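The values are calculated or read from the model by the stated rules, or taken from the named source; none is laboratory data. Note that the structure is a prediction, hence the values are computed from the model and not measured. For neighbour counting, all protein chains shown are included, and Cβ atoms are generated from backbone atoms with ideal geometry for every residue, glycine included. What goes into the accessible areas is simple: the full protein's heavy atoms, side chains included, and nothing from ligands, DNA or RNA. Shrake-Rupley method; radii C 1.70, N 1.55, O 1.52, S 1.80 Å.
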Amino acid sequence: QFGRTEVIDNSLNPDFLHKFVLDYCFEERQNLRFDLYDVDSKSPDLSKHDFLGQAFCTLGEIVGSAGSRLEKPLTGVLGKKCGTIILLAEELGNCRDVATLQFCANKLDKKDFFGKSDPFMVFYRSNEDGTFTICHKTEVVRNTLNPVWAAFAIPVRALCNGDHDRAIKVEVYDWDRDGSHDFIGEFTTSYRELARGQSHFNVYEVVNPRKKMKKKKYLNSGTVTLLSFTVEAEHTFLDYIRGGTQLNFTVAIDFTASNGNPSQPTSLHYLSPFQLNAYSLALRAVGDIIQDYDSDKMFPALGFGAKVPPDGHVSHEFPLNGDASNPACCGIAGVLEAYQRSLRRVQLYGPTNFAPVVNHVARSAAMVLDGSQYFVLLIITDGVISDMAQTKEAIVNVRPSWWHWGRWWQPWVLGVGNLGPLGTQFRGLPCPGLPQLLCPPVPPQFVPFRDYMSGGPGAGLSMAGLAREVLAEIPDQLLSYMKARGIKPTPIPPMSPETPP
């Protein structure tokens, strides 16, 4: 039991005020149960009160619903309609603001014998115990005593830990190649002062304490001026989900002959009446979580590496439901059913080609660039990729948009069976039109299923670990895409539960 609401007297339509604070983890299935009682006495023993009904859901279901508002029928009393429970979720604001600042300096001390100085600044926030922790370094501006540093963004919590009056210390250095940077001076300020923006309040004398002690006429080692200050709230993953962004989840399954004959227990595709095979386990572990973030629960499911009816041609992009015009299946249960049906109608063959399914999802993703959908491709495979050159080309073809605009889709490779070097094959993808130094190593994420495969009572925990590994990066990747494209979440009206009839 996590907690209880307050008791509302004499009401069939109670509006409970008590809030429950829960840690939210996108990549975990967080099961919840709500029990409702009619209180007849002051006893804390629930058996002394009348049970009115209960509802089951996951935390993901609540936050993934429109406006993070979920209605569920109450059940549990035989032969009786128990009413409806309305569940609302709201993310706690925890100093989301991000400040963007720009500084310049004037008449800094000359530190280099043959030149001027190569100045940079270091920002420190103060801690409760009086110590300081570094929170930002500017870039180095070469050979000048009057530098203008580039604007930089920093979370307010990183700058002052949410305390607007807490001291912020800034040190100014002259950069040296050997790392022995020369100290020019320092000054202190606060977030509240900086928030005043460009004004005489934000012109700071850079002081070297040692020089001040030695020289009576010493005034300063130059000045630093705040050129601009803006602040805006940083959007979170849940802001986009509550605003209606849907996760478009596509799964692609390996039907190559290296998986083994599906009629044999040694096959990775063996359909046992007693337990799920590796492909089904992986699908359920990931799908049960991600389906909470897709309102229509329709998931495209593809197969590759098999001979398909009616003519027995080899296909690397066939719909598991048999409908080429619409490969979407209803819910993860529908995907599992279509997968098992496909096993009975296709012939496992080969080779292991990824490029067709990668291009399939890339085409779909390219048609929706407004932030209303975010595409995820899960590839479940047992072996080494046969068309590595074509697969790399397929990824590279979308990389200019991927890199310039942020990630507009993300492939995951989930490996089952004996995989060999599959996890390292994506290294060194080239970026057309970009210098190699600017090309980030952003391969598909590879997760080995065997690391989580265990029998017995621990299997459930292993599948939870698998889901965490596969899904953990999605929120940050979605945010990076939205931020790069300047897409803000759709605002929703303040939450106010409607009284059910």
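Based on what the data block shows, is L268 free of Cβ contacts under 8 Å to residues at least 12 places away in the same chain, open to solvent by 30 Å² or more (accessible area, probe 1.4 Å), of a type in the set (A, V, I, L, M) and assigned by the TED database to the domain that holds L348? Here the answer is no, as L268 does not meet what is asked.
Just one of the listed residues (F201, F274, F249) is within 28 Å of the chain's Cα centre (by Cα) and either in a helix (DSSP H, G or I) or under 30 Å from Y349 (Cα atoms) (or both), and it is F249. Is it true that some residue in segment 87-99 is closer than 22 Å to S221 by Cβ and in contact with a strand residue (DSSP E or B) (Cβ under 7 Å, 6 or more places away or on another chain)? No, segment 87-99 contains no residue that is closer than 22 Å to S221 by Cβ and in contact with a strand residue (DSSP E or B) (Cβ under 7 Å, 6 or more places away or on another chain). Checking each residue in segment 444-483 for being at pLDDT below 80 and more than 20 Å from N277 (Cβ to Cβ) picks out P444, Q445, F446. Can you pull out the residues in segment 20-61 that are touching a residue at least 40 places away in the same chain (Cβ under 8 Å), under 16 Å from I290 (Cβ atoms) and not in a loop (DSSP other than H, G, I, E, B)? Hits for segment 20-61 are T58, G60, E61.
Looking at this structure, is H164 surrounded by 16 or more Cβ atoms within 10 Å (Cβ to Cβ), modelled with pLDDT under 95, of a type outside the set (A, V, I, L, M) and in the same structural domain as T225 (by the TED database)? When the stated conditions are applied, H164 does not pass them. Applying the set (1) under 24 Å from D294 (Cα atoms); (2) crowded, with 16+ Cβ neighbours inside 10 Å; (3) at pLDDT 60 or above to S372 leaves exactly one unmet item: (2). Answer yes if at least one residue in segment 130-138 is over 23 Å from S199 (Cα atoms), in contact with a strand residue (DSSP E or B) (Cβ under 7 Å, 6 or more places away or on another chain), surrounded by fewer than 19 Cβ atoms within 10 Å (Cβ to Cβ) and aliphatic (A, V, I, L, M), and no otherwise. Yes; the residues of segment 130-138 include at least one that is over 23 Å from S199 (Cα atoms), in contact with a strand residue (DSSP E or B) (Cβ under 7 Å, 6 or more places away or on another chain), surrounded by fewer than 19 Cβ atoms within 10 Å (Cβ to Cβ) and aliphatic (A, V, I, L, M). Scan segment 51-85 for residues that are aliphatic (A, V, I, L, M), more than 35 Å from the chain's Cα centre (by Cα) and open to solvent by less than 30 Å² (accessible area, probe 1.4 Å) and the total you get is 0. Filter segment 281-320 for residues that are free of Cβ contacts under 8 Å to residues at least 60 places away in the same chain and assigned to a helix (DSSP H, G or I) and give the result. If the condition is that a residue be free of Cβ contacts under 8 Å to residues at least 60 places away in the same chain and assigned to a helix (DSSP H, G or I), then G287, Q291 are the ones that fit. For segment 319-348, the set of residues classified as buried (at least 19 other Cβ atoms within 10 Å of the Cβ) and more than 23 Å from A285 (Cα to Cα) consists of V346, L348, listed by residue number. If you check L226, L268 for being modelled with pLDDT under 95 and touching a helix residue (DSSP H, G or I) at 6+ places or on another chain (Cβ under 6 Å), only one passes: L268. Among the criteria (1) touching a helix residue (DSSP H, G or I) at 6+ places or on another chain (Cβ under 7 Å); (2) modelled with pLDDT of 75 or more; (3) among the small types (G, A, S), the one G486 does not fulfil is (1).
On the basis of being touching a helix residue (DSSP H, G or I) at 6+ places or on another chain (Cβ under 6 Å) and either part of a loop (DSSP other than H, G, I, E, B) or open to solvent by 60 Å² or more (accessible area, probe 1.4 Å) (or both), does E6 make the cut?
No.
Quick one: is P262 assigned to a loop (DSSP other than H, G, I, E, B) and either over 24 Å from E469 (Cα atoms) or assigned by the TED database to the domain that holds L466 (or both)? Yes; evaluated as a whole, the condition is true for this residue.
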